[in-house]
């Protein structure tokens, strides 16, 4: 197995220019494809997940030229296609909904892990308005076969407690129906900031959704139109690793490309850092963190920032008491079962970890040097555990290439700030 050795470091300082946000990039690509007019996209993430989306859109009849996307002004013109979508949830879920309303015959598949990630709630919601979707394997999971259906109603119900991507997929696809639609969310909606990103990007493309709390969403009978130009801000989830490095390694570490006015929920990771005793500064298009290296324990509900919550779990190794990361059940259905994976790898490093259904309680122990961290083909496992090197212990990261999903240059950039 390939691996990378990160040497023990005591200091982190410097400035990092972030890659584009994955969450925003794939939303922008899809809506630019469905819109009328050409959209010039700057700041787009260039990584595995966005390449998967671009390749799929190209097969569906969307044309790209340099940084420009030529919209198809409605449903996809290609009515038969087989699409391999890797492990990109931000491509698989939204394309499922958009293709269900495109009147064609499509087969969607991915890597084995994607076929273990549930999609039944989204399929049920789409079937409820006349979409025809069959499971090509296990009931409730990809791969999927989508056939032409007759969309007869625009009143939908979808569970919100498994993945916010199901609601996001429906919101972005429903303008293709040409009818006003109303979505009712059943249960507690998790990861609300990601839905806020969806609503923000839809507004940029001319469709304004009204919501009543987090229970009801009203989608107008409007068509997407290009804003002409759109900028993808830096990835706030990726920012968390460098900001955490500043807190742990003294700093200051500044990230550029995302700031206090970001539309991404993960900028609120700065709240976690402040509770742990770090000093945080923010401006237009930048964030900065520094600290003494001595961290306070936390007990926090991090449902709103599930990706950055993984960074917090690793920082808990260096707190002066037990920390609890709560309400992160969605970790179970991500690129890997992140609750189980986190617990196992933190224990390797000497922590006592209690793994619950939706939480981790992490009690620091004596940090073990030279541990090999398994990453489970999960980019965020690899990036979050790189922080162990700043705790004064060398660490080996197995399968480091998995970071290509969202940040191919991560380890090269990390080494520029760690010494």
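Any residue in segment 39-56 that is over 22 Å from residue 228 (Cβ atoms), over 18 Å from the mean Cα position of the chain (by Cα) and at pLDDT 95 or above?
Yes: segment 39-56 contains one or more residues that are over 22 Å from residue 228 (Cβ atoms), over 18 Å from the mean Cα position of the chain (by Cα) and at pLDDT 95 or above.
Answer with yes or no whether residue 159 is within 22 Å of the chain's Cα centre (by Cα) and over 16 Å from residue 30 (Cα atoms).
Working: within 22 Å of the chain's Cα centre (by Cα): yes; over 16 Å from residue 30 (Cα atoms): yes.
Yes, satisfied.
Residue-by-condition table, conditions (1) farther than 21 Å from residue 11 by Cβ; (2) buried (at least 17 other Cβ atoms within 10 Å of the Cβ); (3) at pLDDT 95 or above; (4) touching a strand residue (DSSP E or B) at 6+ places or on another chain (Cβ under 7 Å):
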{"site": "339", "(1), (2), (3), (4)": "yes, yes, yes, yes"}
{"site": "345", "(1), (2), (3), (4)": "yes, yes, yes, yes"}
{"site": "362", "(1), (2), (3), (4)": "yes, yes, yes, yes"}
{"site": "376", "(1), (2), (3), (4)": "yes, yes, yes, no"}
{"site": "380", "(1), (2), (3), (4)": "yes, yes, yes, no"}
{"site": "411", "(1), (2), (3), (4)": "no, yes, yes, yes"}
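Filter segment 382-401 down to residues that are surrounded by 24 or more Cβ atoms within 10 Å (Cβ to Cβ) and in a helix (DSSP H, G or I), then give me how many there are.
In the first step, residues of segment 382-401 are kept if they are surrounded by 24 or more Cβ atoms within 10 Å (Cβ to Cβ); the result is 382-390, 395, 397.
Add one more test, that the residue is in a helix (DSSP H, G or I), and what stays is 382-390.
Summing the residues that are surrounded by 24 or more Cβ atoms within 10 Å (Cβ to Cβ) and in a helix (DSSP H, G or I) in segment 382-401 gives 9.
Please specify each residue of segment 299-328 satisfying the condition of being in contact (Cβ under 8 Å) with a residue 40 or more places away in the chain and part of a helix (DSSP H, G or I).
306, 307, 308, 310, 311, 312, 313, 314, 315, 316, 317, 318
Scan segment 55-66 and give yes if some residue there is crowded, with 17+ Cβ neighbours inside 10 Å, part of a strand (DSSP E or B) and in contact with a strand residue (DSSP E or B) (Cβ under 7 Å, 6 or more places away or on another chain), otherwise no. Before you say what the answer is, go through the steps one by one.
Of segment 55-66, the ones crowded, with 17+ Cβ neighbours inside 10 Å are 56-57, 60, 62.
Those still in the list that are part of a strand (DSSP E or B) too: none.
No: segment 55-66 contains no residue that is crowded, with 17+ Cβ neighbours inside 10 Å, part of a strand (DSSP E or B) and in contact with a strand residue (DSSP E or B) (Cβ under 7 Å, 6 or more places away or on another chain).
Tell me which of these residue 146 doesn't satisfy, since it passes every other one: (1) out of contact with any strand residue (DSSP E or B) (no Cβ under 6 Å at 6 or more places or on another chain); (2) surrounded by 17 or more Cβ atoms within 10 Å (Cβ to Cβ); (3) not in a helix (DSSP H, G or I).
Residue 146 satisfies all of (1) out of contact with any strand residue (DSSP E or B) (no Cβ under 6 Å at 6 or more places or on another chain); (2) surrounded by 17 or more Cβ atoms within 10 Å (Cβ to Cβ); (3) not in a helix (DSSP H, G or I) except (1).
What number of residues within segment 104-121 satisfy the criterion of being part of a helix (DSSP H, G or I) and either farther than 16 Å from residue 137 by Cα or in contact (Cβ under 8 Å) with a residue 24 or more places away in the chain (or both)?
Filtering segment 104-121 down to residues part of a helix (DSSP H, G or I) leaves 114-116, 120-121.
Filter again for either farther than 16 Å from residue 137 by Cα or in contact (Cβ under 8 Å) with a residue 24 or more places away in the chain (or both), leaving 114-116, 121.
Counting residues in segment 104-121 that are part of a helix (DSSP H, G or I) and either farther than 16 Å from residue 137 by Cα or in contact (Cβ under 8 Å) with a residue 24 or more places away in the chain (or both) gives 4.
Can you tell me which of (1) modelled with pLDDT of 95 or more; (2) farther than 19 Å from residue 255 by Cβ; (3) out of contact with any strand residue (DSSP E or B) (no Cβ under 7 Å at 6 or more places or on another chain); (4) buried (at least 18 other Cβ atoms within 10 Å of the Cβ) is the one residue 404 doesn't meet?
(4)
Do we have any residue at all in segment 86-103 that's assigned to a strand (DSSP E or B) and either at pLDDT 95 or above or surrounded by 21 or more Cβ atoms within 10 Å (Cβ to Cβ) (or both)?
Here is the first cut: in segment 86-103, the residues assigned to a strand (DSSP E or B) are none.
Taking every residue of segment 86-103 in turn, none turns out to be assigned to a strand (DSSP E or B) and either at pLDDT 95 or above or surrounded by 21 or more Cβ atoms within 10 Å (Cβ to Cβ) (or both).
Would you point out the residue of segment 389-398, among those that are in contact with a helix residue (DSSP H, G or I) (Cβ under 7 Å, 6 or more places away or on another chain) and at pLDDT 95 or above, that is nearest to residue 253 (Cα to Cα)?
Applying the first criterion (in contact with a helix residue (DSSP H, G or I) (Cβ under 7 Å, 6 or more places away or on another chain)) to segment 389-398 yields 390-391, 395, 397.
Still in the list and also at pLDDT 95 or above: 390, 395, 397.
On the way: 390: 13, 395: 21, 397: 22 Å.
That would be 390.
Which residue is surrounded by the fewest Cβ atoms within 10 Å (Cβ to Cβ), if the candidates are limited to segment 263-298 and must be in a loop (DSSP other than H, G, I, E, B) and within 15 Å of the chain's Cα centre (by Cα)? Give the derivation first.
In the first step, residues of segment 263-298 are kept if they are in a loop (DSSP other than H, G, I, E, B); the result is 263-264, 276-278, 284-285, 291-294, 296-298.
Those left that are additionally within 15 Å of the chain's Cα centre (by Cα): 263-264.
On the way: 263: 18, 264: 25.
Filtering first and then ranking leaves 263.
So how many residues does segment 149-188 have that are buried (at least 20 other Cβ atoms within 10 Å of the Cβ) and either in a loop (DSSP other than H, G, I, E, B) or assigned by TED's automatic domain parsing to the domain that holds residue 337 (or both)?
The total comes to 3.
Across segment 192-219, what is the total count of residues that are part of a loop (DSSP other than H, G, I, E, B) and touching a strand residue (DSSP E or B) at 6+ places or on another chain (Cβ under 8 Å)? Write out each step before concluding.
To start, the set of residues in segment 192-219 that are part of a loop (DSSP other than H, G, I, E, B) comprises 205-209, 213-215.
Cutting the leftovers down to touching a strand residue (DSSP E or B) at 6+ places or on another chain (Cβ under 8 Å) gives us 205-207, 209, 214-215.
Residues that pass the stated criteria total 6.
The values are calculated or read from the model by the stated rules, or taken from the named source; none is laboratory data. Not measured: the values here are computed from a predicted model. Please note: Cβ atoms are built from the backbone with ideal geometry, for glycine as well, and neighbour counts cover all protein chains shown.
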